[in-house]
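Worksheet: the structure to be examined is printed underneath.
The values are calculated or read from the model by the stated rules, or taken from the named source; none is laboratory data. Note that the structure is a prediction, hence the values are computed from the model and not measured. Using ideal geometry, Cβ is built from the backbone for each residue, glycine included, and neighbour counts are taken over all protein chains shown.
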Amino acid sequence: MAIYYSSTRNADIKVSASQAILKGLADDGGLFVPSEIPALDVDVKELASMSYQEVAYEVLKLFLTDYTEEELKQCINHAYDSKFDTEEIAPLVQADGAYYLELFHGATIAFKDMALSILPHLLTTAAKKNNVTNEIVILTATSGDTGKAALAGFADVEGTRIVVFYPKNGVSPIQEKQMVTQKGANTCVVGIKGNFDQAQTGVKQMFNDTAFAKLMNDNGFQFSSANSINIGRLVPQIAYYVYAYAKLLDNDQISAGEQINVVVPTGNFGNILAAYYAKNMGIPIDKLICASNENKVLYDFFATGTYDKNREFVLTSSPSMDILISSNLERLIYHITGNDAKKNAELMNELNTTGVYKITPDMKEKLADFVGGYSSEADTADTIKNLYEKTGYIIDTHTAVASGVYRSYVKQSDDTKKTVIASTASPYKFTRSVMNAIDKKYDAMGDFELVDELCKLGNVEIPQAIEDIRSAKILHDRVCEVNEMPQAVKDFLGLK
Ligand SMILES: *Cc1c(COP(=O)(O)O)cnc(C)c1O
């Protein structure tokens, strides 16, 4: 069954999967959505004995229907290989009654690697399939983790260049060091004097700038996006929820068909949307628990049905979730309108002009599977400390937001279903916040001293990604104003 992709804002736009991946965003500013969410065509019992790569294939083949089996398998095998430090790719760790799905075993130790290790392969394959001769320029805004994962994925990939914008004062020291030391002649990293939402808006404006697109095309370039709005990132993320369910079954933690809950620390809404797709493909997931930090725009949305970005932007210890405009929520909004692009476009227009929209009671009813929760900074630190003291297991700040929300949910609901918590980053990526949560005395130490202390405390090997940046040279030092972003891109590409 061939799946095509239309825009969340215009039902008349219809493209193939490979075209949607190439474009990233639809011309009208909408996001590409599949014509239907296909049902898995293998039994979960069969999935239980499959490797990560095999499960990924079962998911990808249903969504990316214009890729051949050989193309998909090649992409999968190039992505999920020894770049990951475990053959399981996404191991499940049981701690204090929950299952932590560790999504941080890839090259840059955050869950973004799960999708960004395969996206360059999906994209270059798509370019070949569609006879694209332009060089593809990946333009990305990052709240910290996407940037490095995209840089690692695209560095030295033939036929591509990549430009990453990050908020100069909005990422962790380790995150920044990871990005500004990136090698590869086709890479460019720029700090902006603004926050993530401004970076994301700046990037979206460049995508929608037709004069810029023409200038690019005249010089043999075209833009594409590695942001989580690209369907080529969303689809590979579905695979690990299917895999997690299969592994729970394989390890006799659940019986076939038993419902589980999933908790996801959420920013741009990509990761939890993938869980929603997994559920709609037939994986027995009951509640989708959306965990926010103090930027709790999504918590308020699930509580009231009103999305309101007009509020103060808070810098927290979970910077990859410091987001007020959750781009991928647009796909969910589209689905709960009953796939009504016109209605969705109206709401998104309101968001653009006033910063607020309100969904109808009918739409709100369709959100019954979602539970919103949030953790304050103090709760998040307590969660890290308590879990460590109870079990010895150390989680990062983002995962701790989810873990804290999960604890309060269980208290309030008495829901005893087995629960998978998406563990989205290695604690080594947010060493200072993690160690400070365990004991304030660590604050006096340097960043890499903290790395060594964390290693002793948690008894977990220091990831290669951290070893690599200890002494790496800074190769990118450009910082610009938000309105200078287009110029930074032109300079890098040598355009006038
Ligand atoms: C990106 C990120 C998130 C948020 O994921 P979304 O898909 O944007 O909701 C959470 N935690 C970490 C560590 C991240 O890098």
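Here are the numbers for the structure shown:
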read-out: Checking Leu288 against (1) within 26 Å of Gly194 (Cβ to Cβ); (2) within 16 Å of the ligand (Cβ to nearest atom); (3) touching a residue at least 40 places away in the same chain (Cβ under 8 Å); (4) not β-branched (Val, Ile, Thr), the condition it does not meet; value: (1)
read-out: Residue match in the stretch 162-177 (condition: buried (at least 20 other Cβ atoms within 10 Å of the Cβ), in contact with an Asp or Glu (Cβ under 6 Å, 6 or more places away or on another chain) and under 21 Å from Met114 (Cα atoms)); value: no
read-out: Among residues of the stretch 247-269, those that are of a type outside the set (Gly, Ala, Ser) and either within 18 Å of Arg407 (Cα to Cα) or under 16 Å from the mean Cα position of the chain (by Cα) (or both), counted; value: 9
read-out: In the stretch 214-232, the residues that are touching a strand residue (DSSP E or B) at 6+ places or on another chain (Cβ under 7 Å) and either farther than 16 Å from Phe165 by Cβ or of a type in the set (A, V, I, L, M, F, W, C) (or both); value: Met216, Gly220, Phe221, Gln222, Phe223, Ala226, Ile229, Ile231
read-out: Residue that is in contact with a helix residue (DSSP H, G or I) (Cβ under 7 Å, 6 or more places away or on another chain) and away from the ligand (no atom under 16 Å from the Cβ), where the choices are Ala400, Ala368, Ala381; value: Ala381
read-out: Residue match in the stretch 241-250 (condition: within 16 Å of the ligand (Cβ to nearest atom), buried (at least 17 other Cβ atoms within 10 Å of the Cβ) and under 13 Å from Phe370 (Cα atoms)); value: no
read-out: Residue in the stretch 10-30 that is modelled with the highest pLDDT, counting only those that are more than 21 Å from Thr125 (Cα to Cα) and within 22 Å of the chain's Cα centre (by Cα); value: Gly30
read-out: Residue, nearest to the ligand (Cβ to nearest atom), within the stretch 207-228, restricted to residues that are among the polar types (S, T, N, Q) and crowded, with 18+ Cβ neighbours inside 10 Å; value: Ser228
read-out: Failed condition for Lys204, given (1) touching a strand residue (DSSP E or B) at 6+ places or on another chain (Cβ under 9 Å); (2) buried (at least 23 other Cβ atoms within 10 Å of the Cβ); (3) within 27 Å of Ser117 (Cβ to Cβ); value: (2)
read-out: Matching option when the condition is touching a strand residue (DSSP E or B) at 6+ places or on another chain (Cβ under 8 Å), crowded, with 19+ Cβ neighbours inside 10 Å, touching a residue at least 40 places away in the same chain (Cβ under 8 Å) and not acidic (Asp, Glu), among Ala126, Ala90, Ala79, Ala107; value: Ala90
read-out: Conditions (1) more than 12 Å from the ligand (Cβ to nearest atom); (2) surrounded by fewer than 24 Cβ atoms within 10 Å (Cβ to Cβ); (3) in contact (Cβ under 8 Å) with a residue 60 or more places away in the chain: number failed by Glu102; value: (1)
read-out: Enumeration of residues in the stretch 51-84 that are outside any helix (DSSP H, G or I), of a type outside the set (Gly, Ala, Ser) and closer than 25 Å to Leu249 by Cβ; value: Tyr80, Phe84
read-out: Checklist (1) out of contact with any strand residue (DSSP E or B) (no Cβ under 8 Å at 6 or more places or on another chain); (2) of a type outside the set (Phe, Trp, Tyr); (3) farther than 29 Å from Tyr334 by Cα; (4) in contact (Cβ under 8 Å) with a residue 12 or more places away in the chain applied to Glu70, failing item; value: (4)
read-out: Criterion: surrounded by fewer than 21 Cβ atoms within 10 Å (Cβ to Cβ), under 15 Å from the mean Cα position of the chain (by Cα) and on the phi < 0 side of the Ramachandran plot - qualifying residue of Ile359, Ile325, Ile336, Ile272; value: Ile325
read-out: Residue that is nearest to Ala98 (Cα to Cα), among those in the stretch 386-397 that are within 12 Å of the ligand (Cβ to nearest atom) and not charged (D, E, K, R); value: Ile395
read-out: Close pairs (7 angstrom Cβ cut-off, 6 or more residues apart or separate chains): without any contact (Cβ under 8 Å) to a residue 40 or more places away in the chain and within 11 Å of Asn186 (Cα to Cα) in the stretch 145-159, more than 14 Å from the ligand (Cβ to nearest atom) and assigned to a helix (DSSP H, G or I) anywhere; value: Val157/Pro120; Val157/Thr124; Gly159/Thr124; Gly159/Ala127
read-out: Residue satisfying condition, being over 17 Å from the mean Cα position of the chain (by Cα) and either over 20 Å from Ile76 (Cβ atoms) or at pLDDT below 95 (or both), within set Val171, Val163; value: Val163
